[in-house]
Each structure stands twice: as structure tokens, then as C-alpha cells.
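Below is one structure, written out as C-alpha cells; the observations come after it.
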Amino acid sequence: MKPAAFVYERPSSIAEAVQLLSEADGEAKVLAGGQSLVPLMAFRLVSPSMLVDIGAIAELGDIDSGPDTIRIGAGVTHRRAELALGPVIPLVAVGLRELGHVAIRNVGTVGGSLAHADPASEWGALALALDASISVTGPAGERSVGADRFFLDWMQPDLMPGEIVTGLHIPKPSSMRWGFVEIARRRGDFALAGAAVNLGVADGVIATARVGILGGGVTPLRAHTLEAALTGMDLVGAAEVAEAVDADVDPLDDQHGPARYKRRLARVVCERAIRQAAEAA
Amino acid sequence: MKVDLELTVNGEAVGISADPRTTLADLLRDHLGLTGTHLGCEQGVCGSCTVLVDGHSARSCLMLAAAAQGREVTTIEGMASESGLHPVQEAFSRHHALQCGFCTPGFFATVLEMMSEGVLADEAIVRERLSGNLCRCTGYHNIVTATLELLGGRP
């Protein structure tokens, strides 16, 4: 349970980190909070030749609240985001409370979680439900990727060699009804299924719907079919269309249960999250 | 190639060179002789190795020592003083909140953070906050009781 040897670099700027990653021989990895990477290294599932620790890059640690968007630096810990965003976007705070335990959230970072691209990522589902975009810097400069184009395949984010995630931009919702529900074997474990629901409601009718699913396939994913089914419905009673999520998910068999069980869970978490959104004052 | 580290451990400045792959837990135990931090699973699940880093709980098995550069680390050795037991130790002792003691240092870090945050003495909240620390002896009941008392609730 000890990581294999690697070369360690601790740059103090994004530019320096990008340069180190671009010039590295072999397998270089970015170390953010390390709450996923370090256990993978301890199991020797990954053995990078070099770690570029971005923990000392001050510019990644900012939370900027503009008039229309909130920008969370990639180096912001889950715990800081949970506490800072609670009053502004409660969906984020409630979703993050399901992410591991406080000791994990104190160290793990927004950018690390997004770049790790675990299908059970709370940040992934939240970013999808909130129509967020992810900023990335690499040898070719900066670019911004919508959350619904960022998660390409199993643990595979849209990052080119040498690119690092620098921040998450969340549009400030003017008014929203929201729900977040996840089911795990034990508190703090990886979710078997979860749903983040963001509804724009006018006169009791759902005008816009965005639903992010975790544990529903090889990536965090958007439930387009469910979103379409919800749009135009009365908020009260909307939970009854939750089974539309069947067309959106494609869960995998694993040691926790067969795919059909997790398909059923996806329906359950959506139903509960929609009901939560409807019942919130 | 080793990395040179400067950090504060239990109030004392420490300057040390270590292999980059050294975790904070191994630095504390093997390099500094602070064996009160216990390693159970070494994969971030059991919580036994939990310490305070800049006052916040952290799994020392999931943090590289190199990433603790410049940080302030508090371990179980930093809690008791020569004048006697720390209030957390007293409460755990009074309520029989430990048996073998392996998980106890990790629980202390979690409970100290809760005390410094002023977490409400509510059983559901306490049980949730303690859920990241596993104990195989006690069944948790007495740990919850001790923690509630420390947070100002009725024991």
C-alpha cells in the first residue's frame, strides 16, 4: 500500500505547471488534493513517473462571484465550496455533503474531481445540472468546455496532454427549484446512483429542466429524455415521469449489484429529487 | 531525489528531507517517531490516520508529506499535556468510548474539528460527522455520547 517512486514538482504558476507537464517524459500526472489519485497510487493501479503538484498555485484557489456567474478555482476544496456556495446555490452545498466525509472534502478539490471524471462524481452531476463550464489551460492556451461535453468516456475527461483544469464557471440561477438525492451503501461511499435536478418554474409549470446523473453509466451524464419529459409539466406530480430516465442511463454491472438494479435506483433517485424540488418552499 | 520539507508538527518547526512518495502518515510515524497516528487501511476509508492540517481534519494516508509543505499538523501527541488529559481524552475515558484504542486518535481529530467549528450537539449530525471513522470495538454508541457531551449536549 505504498506508491511507487516518482519525480515530484511543485510549480507556483499555471504556466509553469503546463510547461512541466508538456515536457515530461513518460506518464506525468497532476496532483491536486490527491484524495483519488493517492489511493490509486497506493494500490499501484497508477504509477506516474512524475507528479506535478498544483497545490501551491495561489491563482487556482479563488472563488469569484460575478453578477452572472460564480467562478470556482480548480484548487478550491470541496469543503470551501460547500460552505461558500451554500447561501448562493444550495444545490451545490447539498450535493457536496454526499461527497466522501469532511476529512476528504477538506483536502479534495473541485478541479481534481472534475479531471478524475469518475462516473459517480457529485461535481460531475452538479456541473451538468447547473449548465456549468470548465476552464482548461494547456500548451495551446486557454479554452472553456461545457460540462455536457467534458466527460468523454470512463474516467476520461476532455483534456489534451499538458492541459490542466483551472476552474468551474457556474451560471447564477435567478430562481430555481432543485433536488439532490444519492444512494450509497454506506454514508460517504461512492454513490450507486444519484441525481441533481435543477428546474426553472413559472406559474407552477416546469419551463426548463436540467438533470445530472451520477452512477448512471461510464460518465456523469445529462438525462435529456427525462428533461424533455419534465418540461411543460406541472411541478406538483412531475415526479411521476421519473421513469423516463431509463432511456438516459446505461449502468454497468459491478460488485454492488447488476445493471438492472442500478437502473431501478436511477429511477428512484430522480423521483425523489424531483419531489424534493417540488416540496421545497 | 528527496524533497526538502518545512512544516509545523504539534507546534514545533520541522525541517526534513523525504522521498516524494512518503505519505504524511509515514512521515509522522517513521521519520518523526509519532506513532500515535495509526494506519489502518491506507486507502482513505477507515479514518484511523486522521490528523488536523491547519486545524482541519485530513487523512494523513491520502496526503503526501510533500503536499504538507508549510502546513501546521496536529497529531494525537499534540493534544495531551504533562498536566493531564485533554478534555476529549477525559470524555472518551469517562464514557468508555474506546476499547482497543486503534481508531481513537483518528476520532480525536474528527471530534476536535467539530468542537472548533461549534457543531450542534445533535445526535444525527454527530453520527454523520463521525461516519468517516470506523471503530470495530465499541458499536459507536459511547463515542457518540462522549462527543455529544463535548459539544455541550446532555451526556
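The values are calculated or read from the model by the stated rules, or taken from the named source; none is laboratory data. In this text the structure is predicted, and so the values were computed from the model without any measurement. No Cβ is skipped: glycine too gets one built from the backbone with ideal geometry, and neighbour counts run over all protein chains shown. In case anyone asks, the SASA skips ligands and DNA or RNA and just uses the protein heavy atoms, side chains included. Shrake-Rupley method; radii C 1.70, N 1.55, O 1.52, S 1.80 Å.
Looking at segment B:1-21, I want the residues that are more than 14 Å from chain A (Cβ to nearest Cβ) and within 14 Å of B:L32 (Cα to Cα) and have a partner that is of a type in the set (G, A, S) and surrounded by 11 or more Cβ atoms within 10 Å (Cβ to Cβ) with Cβ atoms under 8 Å, at least 6 apart or on another chain. Which pairs are those?
Cβ pairs passing all conditions: B:V9/B:G78; B:N10/B:G78; B:G11/B:G78.
For A:G95, are the conditions met, namely being surrounded by 24 or more Cβ atoms within 10 Å (Cβ to Cβ), touching a Leu at 6+ places or on another chain (Cβ under 9 Å) and in a loop (DSSP other than H, G, I, E, B)? First the steps, then the outcome.
Values: surrounded by 24 or more Cβ atoms within 10 Å (Cβ to Cβ): yes; touching a Leu at 6+ places or on another chain (Cβ under 9 Å): yes; in a loop (DSSP other than H, G, I, E, B): no.
No: the conditions fail for A:G95.
Residue by residue through segment B:20-41, note down the ones that are outside any helix (DSSP H, G or I), open to solvent by 10 Å² or more (accessible area, probe 1.4 Å), touching a strand residue (DSSP E or B) at 6+ places or on another chain (Cβ under 8 Å) and of a type outside the set (S, T, Y).
Selection gives B:R21, B:L32, B:L34.
Restricting to segment B:127-149, what's the tally of residues that are of a type in the set (D, E) and within 14 Å of chain A (Cβ to nearest Cβ)? Show your work before the answer.
So the first thing to find is which residues in segment B:127-149 are of a type in the set (D, E), and the list is B:128, B:149.
Imposing the further condition that a residue be within 14 Å of chain A (Cβ to nearest Cβ) reduces the set to B:128.
Residues that pass the stated criteria total 1.
Only one of A:A42, A:A5 is out of contact with any strand residue (DSSP E or B) (no Cβ under 7 Å at 6 or more places or on another chain), of a type in the set (G, A, S), within 10 Å of chain B (Cβ to nearest Cβ) and free of Cβ contacts under 8 Å to residues at least 24 places away in the same chain; which?
Matching residue, one of A:A42, A:A5: A:A5.
Starting from segment B:54-75, keep only residues that are more than 10 Å from chain A (Cβ to nearest Cβ) and under 16 Å from A:L37 (Cβ atoms), then list their pairs with residues that are open to solvent by 10 Å² or more (accessible area, probe 1.4 Å) and at pLDDT below 95 whose Cβ atoms are within a distance under 6 Å, requiring at least 6 positions of separation or different chains.
none
Yes or no: segment A:66-75 includes at least one residue that is within 14 Å of another protein chain (Cβ to nearest Cβ), crowded, with 17+ Cβ neighbours inside 10 Å and in contact (Cβ under 8 Å) with a residue 12 or more places away in the chain. Can you show your working first?
Step one: filter segment A:66-75 for residues within 14 Å of another protein chain (Cβ to nearest Cβ), giving A:75.
Keeping just the survivors that are crowded, with 17+ Cβ neighbours inside 10 Å gives A:75.
If we keep only those that are in contact (Cβ under 8 Å) with a residue 12 or more places away in the chain too, we end up with A:75.
Yes: one or more hits.
Which of the helices (runs of 4 or more DSSP H) found entirely inside segment B:47-155 contain at least 1 residues meeting this: of a type outside the set (F, W, Y), touching a His at 6+ places or on another chain (Cβ under 7 Å) and modelled with pLDDT of 95 or more?
Numbers: elements: B:87-94, B:104-117, B:123-130, B:141-150.
Of the helices (runs of 4 or more DSSP H) lying wholly inside segment B:47-155, those with at least 1 residues that are of a type outside the set (F, W, Y), touching a His at 6+ places or on another chain (Cβ under 7 Å) and modelled with pLDDT of 95 or more span B:104-117, B:141-150.
Which of the residues that make up segment A:165-194 are more than 14 Å from chain B (Cβ to nearest Cβ), open to solvent by 30 Å² or more (accessible area, probe 1.4 Å) and either modelled with pLDDT of 95 or more or assigned to a strand (DSSP E or B) (or both)?
Hits for segment A:165-194 are A:H169, A:P171, A:R177, A:W178, A:I183.
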